[in-house]
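The values are calculated or read from the model by the stated rules, or taken from the named source; none is laboratory data. Bear in mind that the values here come from a model prediction, so they are computed numbers and not experimental data. Cβ atoms come from the backbone with ideal geometry, glycine included; neighbour counts cover every protein chain shown.
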């Protein structure tokens, strides 16, 4: 870990511990305090009847607060560790459902499936295709911006990166693969098409306050299927 990563981890740890303690108050501590006090004052060196009546609730509160703090120090460390790699990433392909209504000739896609494992929403994340092996970049096609998104804790998002439409005879298939990206308000604006063959892509997922995720994806296609896998 670099110095900046260590500082970031410690900051996340402190923030997660503070958030946990403030949100739960005595929630976790109360039952633990009851068990500890029950065991201690039954089998320990100090009996319950040896304590002044006014001291018993103070002892319970002190143990509960300590229990809450210790639990959230441990939980906070785990949450901070998750925040260093908050997204679980997999690659899916084929006829994938999207938020849009299906069309008559729905394209097959290669997409990222991103799940937020962190307890916080991650905002302003971005996906770029950094390069595609064998595709000329003399006109600065890459890095190619694909999408910007926010993702809630526990949510899974699908980000398409490639698509190709297949049709039944007598209609013909697309003779190219389209690389995803925001359209431009011009004829054929910001459209990038590559040959309908196998390709290997370098993809980067940028996440604020942590290191980016770099990955390689191999896309394959034939006359009926577009597929992809992480390599």
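Structural remarks
- Among the residues of the stretch 95-107, not a single one is outside the structural domain of residue 18 (by TED's automatic domain parsing), modelled with pLDDT under 95 and assigned to a strand (DSSP E or B).
- Residues within the stretch 100-138 that are exposed (fewer than 15 other Cβ atoms within 10 Å of the Cβ), more than 24 Å from the chain's Cα centre (by Cα) and touching a residue at least 24 places away in the same chain (Cβ under 8 Å), tallied: 3
- Leading residue by the ranking (surrounded by the fewest Cβ atoms within 10 Å (Cβ to Cβ)) among those in the stretch 194-213 that are in contact (Cβ under 8 Å) with a residue 60 or more places away in the chain and more than 24 Å from residue 107 (Cα to Cα): 208
- Exclusive hit being assigned to a strand (DSSP E or B), free of Cβ contacts under 8 Å to residues at least 24 places away in the same chain and closer than 23 Å to residue 82 by Cα, set 220, 216: 216
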